[in-house]
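The values are calculated or read from the model by the stated rules, or taken from the named source; none is laboratory data. This is a predicted model, so every value here is computed, not measured. Here Cβ is always computed from backbone atoms with ideal geometry, including for glycine, and neighbour counts include all displayed protein chains.
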Amino acid sequence: GAVVSQHPSRVICKSGTSVKIECRSLDFQATTMFWYRQFPKQSLMLMATSNEGSKATYEQGVEKDKFLINHASLTLSTLTVTSAHPEDSSFYICSARGYSYEQYFGPGTRLTVT
Amino acid sequence: GESVGLHLPTLSVQEGDNSIINCAYSNSASDYFIWYKQESGKGPQFIIDIRSNMDKRQGQRVTVLLNKTVKHLSLQIAATQPGDSAVYFCAENIKGGATNKLIFGTGTLLAVQP
C-alpha cells in the first residue's frame, strides 16, 4: 500500500524557536497533502490543506503566519511551526492523497516545546 | 466548528465478543466515510470505508453500517482480539471548496479484556 513518512518522529525545541516537520509520500504522487494536529485524548483536527504548487488553505482559527506550509513537489510537504510556544506542543500528523479519495496517513510527529 | 472531543468515550469488551462502535456525523452532503484505528503514538490506520450510496460494507472481520437518515455510522468488529485495542475514529469526506477534506469524529477507545 501507499506509504507516507514523517520526519522527525519526535522533536523538542525551546520556546521562541521554529521547527520544521517533513511529510513525504514514498511510492506515489500526492496531489494534495493535509496537516492535522492532535492533542492528548482528542481527535484529529485539520489544520490546512495544500495542493502541490499552490498556497495552502487553512482551516478557521489556524494562523497561517505561524504554521507555514510548503508543498513544493508531489512527494514532499513541510510544516514549519514558527516562534513555537508550549501550547503548540502536540502530535502533528500529515496525510497525502493521490488521484483517489483515499488519504494515507503518516506516523505523526510529537512536538514538545519547553 | 469541527468535531473535537474533550475526552474519549470508552468501550470495554471481552476477548472473543463482538464490538460495536458508533459515530454520528455532521454533514448530510458527505459522500464518503472511513473508519480509522489509531494506536498510541501512531498515525491513523485505515480499516474500512463506505460510500454514501451504500448502507453496508463488510471486510474481513469488520462491517460498517451507514444510516443516512439519522446521520449515523457504526463499525462492528467480530471476535474482538487484544490487538484490536486502540482508539477508533470515523471520518466524513466533505467538499471544502475545490478540495475534499476529512473531518474526524471524537473517537472511541476500545479496550479488550483478555
One residue from A:F67, A:F91 being facing another protein chain (nearest Cβ under 10 Å) and modelled with pLDDT of 90 or more: A:F91
Qualifying residues in the stretch A:23-37 (those that are of a type in the set (S, T, N, Q) and surrounded by fewer than 21 Cβ atoms within 10 Å (Cβ to Cβ)) - the one nearest to the other protein chains (Cβ to nearest Cβ): A:T31
Restricting attention to the stretch B:12-50, and to residues there that are modelled with pLDDT of 95 or more and among the charged types (D, E, K, R), which single residue is nearest to A:C94 (Cα to Cα)? B:K42
Could we say that A:L76 is free of Cβ contacts under 8 Å to residues at least 60 places away in the same chain and either surrounded by 13 or more Cβ atoms within 10 Å (Cβ to Cβ) or among the small types (G, A, S) (or both) here? yes
Within the stretch B:45-58, is even one residue hydroxyl-bearing (S, T, Y), farther than 17 Å from A:E102 by Cα and within 13 Å of chain A (Cβ to nearest Cβ)? no
Subset tally (residues that are more than 22 Å from B:S12 (Cβ to Cβ), free of Cβ contacts under 8 Å to residues at least 60 places away in the same chain, in contact with a Phe, Trp or Tyr (Cβ under 6 Å, 6 or more places away or on another chain) and assigned to a strand (DSSP E or B)) for the stretch B:57-108: 1
Taking the stated definitions as given, is A:A72 over 26 Å from B:I94 (Cβ atoms), part of a loop (DSSP other than H, G, I, E, B) and hydrophobic (A, V, I, L, M, F, W, C)? no
Quick check on the stretch B:17-28. Is at least one of its residues away from chain A (no Cβ under 14 Å) and either touching a helix residue (DSSP H, G or I) at 6+ places or on another chain (Cβ under 8 Å) or on the phi > 0 side of the Ramachandran plot (or both)? yes
A:K55 fails exactly one of (1) closer than 27 Å to B:D31 by Cα; (2) more than 8 Å from chain B (Cβ to nearest Cβ); (3) touching a Leu at 6+ places or on another chain (Cβ under 7 Å), namely (3)
Looking only at the stretch B:70-81, decide whether some residue is among the hydroxyl-bearing types (S, T, Y) and at pLDDT below 95. no
Residue satisfying all of: in the stretch A:79-114; of a type in the set (S, T, N, Q) and buried (at least 16 other Cβ atoms within 10 Å of the Cβ); nearest to B:S30 (Cα to Cα) among these: A:Q103
